[in-house]
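The values are calculated or read from the model by the stated rules, or taken from the named source; none is laboratory data. Computed from a predicted structure; not experimentally measured. Here the Cβ is made from the backbone with ideal geometry for all residues, glycine too, and neighbour counts use every protein chain on show.
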Amino acid sequence: MKNTFQMSALAATALAATAVPALSQSIDEKVNAAFSSSTGWFVNLIFSPFPGTSFPWIVAWLVVAASIFTIYFGLIQFKAFGHSISLVKGDYSDPNNAGEVSHFQALATALSGTVGLGNIAGVAVAVGIGGPGATFWMIFAGLLGMASKFTECTLGVKYRNEYADGSVSGGPMYYITKGFEERGVPAGKFLAVLFAIFCILGAFGGGNMFQANQAHAQITNVVGDFPGWITGVIFAGIVFAVIVGGLKSIAKVTEKVVPIMGVLYVLTALVILLMNFNMIGWAFGEIFRGAFTGAGVAGGVVGALIQGFKRAAFSNEAGVGSAAIAHSAVKTNEPVTEGFVSLLEPFIDTVVICTMTALVIIITGQLVMDPNTGMYLLDEGASTIQTIDGNKGVALTSAAFSSAVPAFKYILAIAVILFAFSTMISWSYYGLKAWTFLFGEGKTKELVFKVIFCIFVVIGAAASLGPVIDFSDAAIFAMAVVNITALYVLMPIVKEELKSYQSRLKSGEIKKFH
Amino acid sequence: MTKTIVVGYDGSKSAERALEFAAARAKSQGETVTVAHVLEWSPYTFLTPEELEERHARRTEEMARAESMVIAPVLEKLAAQGVDATADIKYGHIADTICQIASDKDAAQVVIGRTGHSKLASRLFGSVAGTLAQASPVPVTIVP
């Protein structure tokens with residue numbers, strides 16, 4: 001009954017909005033202006049370049065960390081890849097633990113949090129600014145990021161809290177506090193609190209507003225233009241029903257449909273690639289050429305590299321610390337096994353799914369190239385590459401998909417909405433975990449967070465792409481600043497775990513069950 | 001050495017019939033009964049973050065409920081009949097798990113009730129009795 005009331009109220013507002021389009025457009029503009037003026041300083045701080053260059057320090061921070069972990073753990077992402085897959089298959093799971101959270105389930109849930117619009121819209125933004133070359137750096141960063149993910153998820157399981165009622169909570173907040181204490185390093189509590197604050201901002205930004213924003217963009221793309229806050233209110237209503245109203249059925253359906261959608265998305269992309277299979281060689285050529293020569297994109301090679309790295313980090317969240325929250329619920333006595341499993345995440349997310357998006361955009365010729373020079377033409381302001389219809393973000397991906405088969409636009413629209421929704425649900429959980437870490441658990445406290453979360457859905461859908469993406473990135477990268485600092489302190493612990501596990505695996509003490 | 005008869009038991013009418021059959025058989029042959037209660041579970045399903053967090057607690061609850069609601073009354077009944085019985089509560093694919101229990105216990109046979117699904121349903125989803133008949137490591141009795 002209450003629901004019907006809510007729905008009709010919603011319909012009434014939607015109707016009122018279409019009646020006065022001029023007014024509602026100005027609401028969008030106001031939200032937008034307020035948003036960019038209040039978050040601009042934070043964005044500038046995070047993305048400030050090294051003095052005298054255009055290279056943001058934060059991008060270097062992530063890539064250097066991922067490279068250090070890769071070397072420190074001896075190319076673990078390649079060496080342990082096969083073992084990771086047997087772990088996910090359950091080859092090493094004790095049958096007596098059936099009914100507990102399996103490696104597969106932890107991975108699937110973490111993936112549904114990361115496979116989101118970063119893979120669809122984010123990649124389009126990267127390729128739109130950095131050109132095809134950005135794809136190369138994105139894959140490269142994805143491969144390196146596997147080592148970061150390995151480190152943080154091992155720690156997430158090792159230092160999780162297990163409560164008397166059997167529930168578990170884990171994540172950077174916990175491993176920073178406990179791990180620093182164990183190693184006798186000061187300021188653990190301070191860093192954990194800082195992480196929690198950024199995690200809440202990240203949940204509002206990349207985990208929420210960016211998703212709402214791009215979902216709206218894709219919906220208007222299919223049904224025609226209408227004010228963003230309407231999409232926002234509808235999305236907020238559904239999110240509210242799930243996270244506040246406890247409508248688990250919606251979340252459950254989404255969790256089941258999202259993986260299917262992910263597979264469908266990759267298959268659709270593969271179909272487009274097959275339709276243009278004679279162009280695949282050329283597309284990879286463009287990717288390499290762009291990666292090392294710049295091919296006329298804004299900022300040249302460095303521009304391509306920055307965009308690739310940024311999008312990879314934003315999409316797979318390696319080093320950000322969010323995945324450690326989702327992975328920590330797994331049933332295992334060996335924390336490092338979840339580290340192994342988690343390293344598949346950037347692989348699936350970035351190396352497979354993001355690359356598909358990029359290839360489709362490149363192959364369908366969305367980017368305008370000067371036929372004489374082979375250089376990409378830039379828009380006015382010279383910041384982005386010209387696209388055929390002036391599309392950017394998710395609209396660019398959509399144009400690429402529908403240029404091959406017009407109906408693919410609808411598959412994409414459904415994928416976008418579902419991905420956006422599942423990512424929002426996951427991030428509302430991550431944010432909530434950080435919130436309760438700061439303020440303690442309690443019904444009212446949790447409700448406050450959830451309501452604010454829903455308000456940000458509306459803001460996200462109404463704000464224009466620029467300020468939202470900037471803030472989303474900034475908040476998520478701020479988490480990485482704290483998390484990676486902690487990973488440096490705690491990585492010897494992971495190494496010990498790894499050594500001990502590997503020697504026991506070799507000696508046969510850890511055995512296969514299946 | 002006394003052997004055991006594994007009975008697939010889920011509290012249903014057909015499982016009840018299977019249990020009676022197994023109990024009578026065990027009594028006359030001097031065998032024991034193992035009551036196998038399997039909670040359908042796949043490690044490849046998708047859960048929300050909240051479900052992950054609560055999974056361990058839920059599992060503990062489910063086990064306790066199965067123990068007190070399903071298994072305890074059955075063991076009591078068998079004890080009253082003078083049949084030596086134990087129970088095994090497991091999670092997993094039902095037929096596979098019963099096969100596993102049968103081979104772990106080196107059982108004399110498996111007894112299972114026929115559920116009487118329609119042809120279409122068992123064609124689509126397979127039936128536990130049918131799968132057991134094909135895959136069990138020991139003889140299977142299907143009680144109608």
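List of remarks:
- Subset of the range A:234-260 (residues that are of a type outside the set (G, A, S), away from chain B (no Cβ under 12 Å) and assigned to a helix (DSSP H, G or I)): A:I234, A:F235, A:I238, A:V239, A:F240
- Flag for B:Y9 being within 14 Å of chain A (Cβ to nearest Cβ) and among the hydroxyl-bearing types (S, T, Y): no
- Leading residue by the ranking (nearest to B:I94 (Cα to Cα)) among those in the range A:80-91 that are touching a residue at least 40 places away in the same chain (Cβ under 8 Å) and more than 12 Å from chain B (Cβ to nearest Cβ): A:S86
- Among residues of the range A:99-127, those that are of a type in the set (S, T, N, Q) and either closer than 15 Å to B:W41 by Cα or facing another protein chain (nearest Cβ under 10 Å) (or both), counted: 4
- Residue ranges of strands (runs of 3 or more DSSP E) in the range B:29-144 with at least 1 members within 30 Å of A:E162 (Cα to Cα) and modelled with pLDDT of 90 or more: B:32-40, B:85-92
- As a summary of the residue check, B:A80 satisfies the conditions (1) more than 10 Å from chain A (Cβ to nearest Cβ); (2) in contact (Cβ under 8 Å) with a residue 40 or more places away in the chain; (3) surrounded by fewer than 19 Cβ atoms within 10 Å (Cβ to Cβ) except for the one numbered (2).
So that you can scan it fast, the table gives a plain yes or no per residue for (1) within 14 Å of another protein chain (Cβ to nearest Cβ); (2) closer than 29 Å to A:D470 by Cβ; (3) in a loop (DSSP other than H, G, I, E, B); (4) among the basic types (K, R):
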site: A:K149; (1), (2), (3), (4): no, yes, no, yes
site: A:E181; (1), (2), (3), (4): no, no, no, no
site: A:G202; (1), (2), (3), (4): no, yes, no, no
site: A:Q211; (1), (2), (3), (4): no, yes, no, no
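- Within the range B:41-68, being surrounded by 15 or more Cβ atoms within 10 Å (Cβ to Cβ) and in contact (Cβ under 8 Å) with a residue 12 or more places away in the chain holds for B:W41, B:R59, B:E62, B:M63, B:A66.
- Segments classed as helices (runs of 4 or more DSSP H), wholly inside the range A:21-134, with at least 1 members that are closer than 30 Å to A:I385 by Cα: A:21-46, A:57-72, A:103-114, A:123-130
- Hits in the range A:155-179 - residues which are part of a helix (DSSP H, G or I) and either within 14 Å of chain B (Cβ to nearest Cβ) or among the aliphatic types (A, V, I, L, M) (or both): A:L155, A:G156, A:V157, A:M173, A:Y174, A:I176
Residue-wise test of (1) farther than 23 Å from A:V394 by Cα; (2) not aromatic (F, W, Y).
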site: A:G113; (1), (2): no, yes
site: A:L117; (1), (2): no, yes
site: A:I120; (1), (2): no, yes
site: A:W137; (1), (2): no, no
site: A:K149; (1), (2): yes, yes
site: A:V157; (1), (2): yes, yes
site: A:F190; (1), (2): yes, no
site: A:F198; (1), (2): yes, no
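- Residue that is nearest to the other protein chains (Cβ to nearest Cβ) [pool: residues in the range A:317-352 that are under 14 Å from A:W137 (Cα atoms) and either touching a strand residue (DSSP E or B) at 6+ places or on another chain (Cβ under 7 Å) or surrounded by 24 or more Cβ atoms within 10 Å (Cβ to Cβ) (or both)]: A:P346
- Residue that is at pLDDT 85 or above and out of contact with any Gly (no Cβ under 8 Å at 6 or more places or on another chain), where the choices are A:S428, A:S383, A:S398: A:S398
- Some residue of the range A:364-387 being buried (at least 20 other Cβ atoms within 10 Å of the Cβ) and either part of a helix (DSSP H, G or I) or without any contact (Cβ under 8 Å) to a residue 24 or more places away in the chain (or both): no
- Filtered residue count, the range A:492-510, keeping only those that are part of a loop (DSSP other than H, G, I, E, B) and without any contact (Cβ under 8 Å) to a residue 40 or more places away in the chain: 2
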